[in-house]
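Read through the structure below, which is laid out as structure tokens, and then see the notes.
The values are calculated or read from the model by the stated rules, or taken from the named source; none is laboratory data. Keep in mind it's a predicted model, so treat the numbers as computed, not measured. Glycine gets a Cβ as well: all are built from the backbone with ideal geometry, and neighbour counts include every protein chain shown. Just the protein is used for accessible areas: all its heavy atoms, side chains included, with ligands, DNA and RNA removed. Shrake-Rupley method; radii C 1.70, N 1.55, O 1.52, S 1.80 Å.
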Amino acid sequence: MGLLGAPAFAQDPPPGAFDLRLLQPSTSPRSLIVTDLPTISGHLTFTAGVFAGFANGTLFAAHPPGLAPVNVADAVRAEAQLSLGLFEFFELGLALPVVQQSVPDDFQGGRALRSDVAVRRLAPGDLRVTVKVPIVRGATGVALRLAASLPTGDERRFAGSPSWTLSPAVIVGRAAGRWTFAAQLGFTLQE
């Protein structure tokens, strides 16, 4: 069994644009917003939280098949985050996002978009599942993390992706007194 991937080329965003969908905060309680730490929660330690973000202005230009590009703007994104440590060996995480953003209005039963009329819509985002396993423990730690997003979001409202993504990463951290230094290196595969 193997994974095949091809490079994907980013499109030039409008000046000042930011795609809030790319910000994927960690579901682990042992993290620094988007940078994980190489430690995990104890056995049967369950945590729950909410992460919210807002981006103003044009976020990205969507390119629906057969239609002219349209701008998606002003997004509020919130996600419920759940995490569970198991056997002091690994940690499972789950993120359930919802997105409200200005999107082009649809007509003709959803088969076409009106780019001249934007409406605010609330839509589910893509469900994200993570697994983190520490492989070196101590003051300097190393962990492996695998995150997968499932195409459960509303693609017609530009709140979700049409396919799955798989994001493996290596996490390195060093505790030095009151300070913790951490870095992660990974990539994203998409169907």
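Any chance the stretch 109-120 includes a residue that's modelled with pLDDT of 70 or more and open to solvent by 80 Å² or more (accessible area, probe 1.4 Å)? Among the residues of the stretch 109-120, at least one is modelled with pLDDT of 70 or more and open to solvent by 80 Å² or more (accessible area, probe 1.4 Å), which makes the answer yes.
Would you please name the residue that is modelled with the lowest pLDDT, looking only at residues in the stretch 52-74 that are open to solvent by 30 Å² or more (accessible area, probe 1.4 Å) and closer than 17 Å to Ala123 by Cβ? Looking at residues that are open to solvent by 30 Å² or more (accessible area, probe 1.4 Å) and closer than 17 Å to Ala123 by Cβ, I get Asn71.
Would you call Gly138 closer than 30 Å to Gly42 by Cβ and part of a loop (DSSP other than H, G, I, E, B)? Answer is yes for this residue.
Filtering the stretch 73-104 to residues that are small (Gly, Ala, Ser) and within 17 Å of the chain's Cα centre (by Cα) leaves Ala75, Ala78, Ala80, Ser83, Gly93, Ala95.
Any idea how many residues of the stretch 157-191 are more than 26 Å from Pro97 (Cα to Cα), hydrophobic (A, V, I, L, M, F, W, C) and open to solvent by less than 40 Å² (accessible area, probe 1.4 Å)? Residues in the stretch 157-191 being more than 26 Å from Pro97 (Cα to Cα), hydrophobic (A, V, I, L, M, F, W, C) and open to solvent by less than 40 Å² (accessible area, probe 1.4 Å): 0 in total.
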